[in-house]
Amino acid sequence: MTKSYGVGSAKTQVLRGVNLDVMPGELVALVGQSGSGKSTLLNIIGGLDMPDAGEVEVLGVDTLKAGDAKRARLRNQNIGFVFQAFNLLDHLDVLGNVTIPAAFAKQKKDDTRERGREALRRVGLADFAHRHPSELSGGQKQRVAIARALFGAPGLLLCDEPTGNLDSETGKEVIDFFRELNAKDKVTLVIVTHERRVSSVAQRVIAMRDGMIVETSDSEINAEGAGPA
Amino acid sequence: MMPAKNLVKMVLANTVRSPRHFILSSFGIVIGIGAFVLFLALTQKAGHVLEEVFPLDEVQVVAPRVSLLGKDTSKRLDDSTVKMILARPEVASAVPRMNLAFPAAGRGDFEGSDLKFEVGGFSDGVDASFVQDDERIREQFKDWDAIPSDPKRLACVPPGPDPEDAVRNAPGKPPKNMIRAGNPGGNGANGGDLWGGGSPAPAPTPPPAPPPAPDAGSGSAMGAGSGTGTGPAAGSAPGSGSGSGSGPAAGSGPAAGSGPAAGSGPAAGSGPAAGSGPAAGSGSGPAAGSGPAAGSGPAAGSGSGSAAGSGPAAGSGPAAGSGPAAGSGAGAPPAQPAPPPLVINQYGSIGTGTAEDPLRPAPADPNGKKLNYYNPCPDPDVYYCDDAERICKHRVPVVLSSTVVELYNNQFAKSHGMPMADENLVNFLIQSRGLSAMRFSIGLGNTTIAGTSTVTKKKPRRVEAVVVGVSSRAMQVGVTMPIQYITRWNKEYMGEEAAGAYSSIIVKLRDRTKLAPFGEWLKDPNVGLRLEDNLGERFATVIFVIRLLFLIISIAILVIAIINIGHNFFIQVSERRREIGIMRAVGATEGDVMLIVLGEAALIGIVGGLLGIGLALGIGWAWNTYAATGIPRFPFKPESWFEFKTWIWGSALGFSTLFCILGGYLPARRAAKMEPAQALTQN
């Protein structure tokens with residue numbers, strides 16, 4: 001698929017014929033320099049962005065052909081997002097942030113708060129339910145964001161530089177958590193990163209440059225990357 | 001779409017967390033809606049006051065004015081016109097009205113002050129059935145002269161013949177020519193009660209009236225006194241005889257009627273004699289000898305007596321009543337048997353025998369001289385002695401409009417230092433003090449406008465009227481009475497022609513939509529009539545235009561408020577880019593985002609609208625409070641200047657919500673169309 005931003009001379013080709021398959025249960029790392037198109041690719045997978053041309057099928061849904069409502073439901077029920085900047089809502093407390101997807105869920109469920117607490121327990125923040133994001137450290141914030149992403153028990157987790165704003169210790173905890181999630185719950189993860197440390201846990205690393213996939217590797221690169229670590 | 005409950009929750013939470021945005025956005029709406037509600041309520045009230053002043057449910061048909069060389073050649077409205085109009089399918093009822101076709105002046109008093117006013121152009125006759133406001137009006141407002149069998153229609157002698165005096169001179173005091181000389185007791189029912197103002201003076205109690213002299217001889221004769229000095233006169237009188245009685249003989253006998261009756265007539269003889277004695281009776285007239293002798297004696301009686309001694313004494317013959325008294329007569333023998341006994345009737349006046357025959361006309365004056373004023377009319381609040389027919393007639397019942405009462409209050413009461421009246425007061429006065437509180441006289445053919453009384457050659461005369469109530473059907477400015485009175489008076493003063501021509505026809509249509517077809521039909525050349533210019537309709541147009549203007553002003557304020565809201569929301573949407581992106585990422589559709597923004601706008605509309613309504617109510621209350629004392633009274637000044645109808649509130653709230661949603665639409669659209677990926681990846 002292809003994707004460009006802007007018009008005329010300012011037009012930037014972000015994706016130039018990307019072709020990618022991610023298998024259920026896979027943990028894939030997308031690596032590459034800034035502007036290589038990896039974040040755009042991630043957003044297209046999540047239905048937050050649309051390619052100019054091509055086909056996208058996520059969890060059996062053709063997101064190009066599906067309407068806005070269908071894509072929204074896909075995100076609400078089957079896809080979780082984790083961002084570098086955490087993207088928490090400052091006016092809501094931790095539990096409110098975690099349960100916000102429920103506000104847009106079609107089916108009404110009575111156990112929203114309980115499920116929110118459960119998600120917080122999973123990330124180790126059960127006692128922080130009524131704190132506000134401003135009272136949390138970066139790592140805690142990211143764990144809240146992960147709890148939110150896990151709230152709907154999604155099959156696919158899309159992470160955009162999840163450790164970018166974290167110190168290495170905290171980053172490691174997050175990476176370990178992802179790994180466990182992938183292993184235990186069979187959640188498919190696509191992680192955009194430029195940190196070796198992150199890509200080292202991936203089963204497959206896809207390198208991008210100038211909007212194209214330039215390299216796909218698995219175990220060896222894994223081994224290589226894991227080496228110094 | 002997200003569940004409504006979640007939407008409401010989110011909208012409320014978002015609004016609460018940005019109070020500054022809310023205040024900035026709602027400020028204009030509060031002002032705009034406040035103005036909207038206030039203006040609508042004000043014009044609503046104005047419209048209602050207008051309908052009160054000019055009822056819009058009826059129309060008046062008039063003939064277009066046409067004149068040829070200064071002569072009025074307008075079409076006549078008469079009974080056939082009424083019939084023709086009644087035959088129309090649009091018409092529910094048609095009632096003719098007639099104006100007084102000649103000048104007339106009114107005079108009366110109100111709470112002790114003398115009022116003079118023009119009646120000619122300001123009186124209106126309508127069918128009694130048309131004026132039915134309350135029980136009293138229904139009872140009193142009718143053509144009383146149509147009931148000739150009314151037992152109260154006693155014969156009477158009206159006061160001075162000149163209604164100009166009657167109308168123009170101070171009421172309450174009879175004109176000079178009504179004061180009887182020499183007959184101190186004579187004024188039975190005090191003349192005052194004929195006059196509007198006069199409170200009915202209690203009839204002077206007559207000294208116990210001596211019984212009519214059974215025999216002339218006694219007493220009655222009296223004396224003749226000086227008059228006769230001469231000769232034989234006295235002599236013969238059976239009674240006292242003394243013929244000559246030079247003395248002030250009078251007095252003595254029972255003769256002296258204290259009775260009020262005593263006409264002013266010559267009877268009163270100058271002689272001291274006069275006086276007392278029942279004689280006074282109506283007998284007035286002839287009895288009086290010229291001489292002082294004037295036997296007042298019972299003779300006076302009906303006066304008819306010719307008995308009058310011829311004797312020089314008595315001077316003029318008839319002096320002596322027929323009664324035996326005849327005293328002075330020159331030796332005249334008692335001419336006849338005793339006259340019918342004088343009667344003190346139930347109303348305190350002494351009459352001759354008339355009590356037995358109330359309808360008998362008052363005694364004539366054989367000498368062509370003025371008769372004494374004689375008023376046996378019962379219940380002077382209601383009955384008066386009529387000039388023309390010389391019988392007691394029921395006062396002409398009139399009703400006033402509330403406009404007249406307002407005009408009185410504002411144009412008259414203040415400048416003349418008179419008490420304020422309102423409809424309630426008028427009703428109260430009538431109820432508490434009887435009709436005497438509101439009666440007045442009308443000088444037909446007279447006018448308060450100097451030098452204009454030339455249309456009728458007929459001599460002016462006076463009739464008396466009484467206000468029986470305030471009616472919504474009354475002529476706006478003037479007095480309204482049963483049409484029969486006007487018809488009779490027009491006939492009397494202006495002839496048959498005038499008596500058959502109506503000034504207008506009040507038409508009640510089956511409903512308002514019938515106005516147009518009915519108006520068209522009137523214009524048909526074969527019909528040749530038109531609707532009277534309806535002031536109410538014109539004012540309604542003015543109010544409509546004012547209301548429109550006010551609405552435009554309010555809407556202009558609202559439009560500015562909406563632009564302001566739109567602007568604020570654009571800013572807010574930009575500020576909340578990231579938040580919107582997050583919501584999209586966790587499953588919000590474009591529609592959800594749009595609904596959230598529109599919901600916040602609508603909330604501003606609802607709250608702003610409520611605050612605006614509150615503002616309007618507050619200003620309205622403040623204004624009413626101020627106006628109650630701070631603004632001088634004027635006609636139809638309302639207690640509340642505003643009518644805050646439910647539809648005004650409802651539409652205000654609806655408008656404010658709708659307008660805010662409109663203002664929020666573009667920002668909401670922008671928010672919905674925002675690229676969530678960009679919103680999220682940019683920090």
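Only the coordinates and a few stated rules stand behind these numbers; no lab work does. What you are looking at is a predicted structure, and each value in this text was computed from that prediction instead of being measured. With ideal geometry, Cβ positions are generated from the backbone for all residues, glycine too; neighbour counts draw on all protein chains shown.
Structure notes:
- A:V82 long-range amide H proximity, modeled H, under 5 Å: A:L158, A:C159, A:D160
- Other protein chain Cβ atoms within 10 Å, averaged over every residue that makes up A:88-99: 2
- Qualifying chymotrypsin sites (Phe, Trp or Tyr not before Pro) for the range B:615-683 [loop in DSSP, other Cβ within 10 Å: at most 14]: B:F636
- Peptide B:586-599, shielding by other chains (average Cβ, 10 Å cutoff): 5
- Per residue, the average separation of C-alpha pairs within less than 8 Å and at least 6 apart gives chain A a relative contact order of 30 percent.
- Counts of other chain beta carbons within 10 angstrom of each beta carbon in peptide B:671-680 average 4.
- Legend: ranking of residues B:S25, B:S471 from fewest to most surrounding C-beta atoms inside 10 Å; resulting order B:S471, B:S25.
- In Å, descending, principal axis extents of the Cα set of the range A:1-158: 50, 32, 29
- Diffusion constant of the range A:89-152 at 37 °C, which comes from Stokes-Einstein with the Kirkwood Cα-pair radius and 0.692 mPa s, µm²/s: 289
- Over 19 Å (Cα to Cα) - which of A:K3/A:K65; A:K70/A:K186; B:K45/B:K645; B:K116/B:K414; B:K116/B:K142; A:K65/B:K5 fall in this group: A:K70/A:K186; B:K116/B:K142; A:K65/B:K5
- Using a cutoff of 8 angstrom between alpha carbon atoms and counting only pairs six or more residues apart, the relative contact order for the range A:1-124 works out to 16 percent.
- Counting neighbouring Cβ atoms within 10 Å and putting the fewest first, the residues B:C660, B:C392, B:C156 line up as B:C392, B:C156, B:C660.
- Expressed to the nearest 5 percent, the antiparallel share of DSSP beta bridges inside chain A is 40 percent.
- Calculated diffusion of the range B:524-683, Stokes-Einstein form, Kirkwood radius summed over Cα pairs, 20 °C and 1.002 mPa s, µm²/s: 109
- Surrounding net charge for A:D210, when Lys and Arg each add one and Asp and Glu each subtract one, Cβ distance under 15 Å: +4
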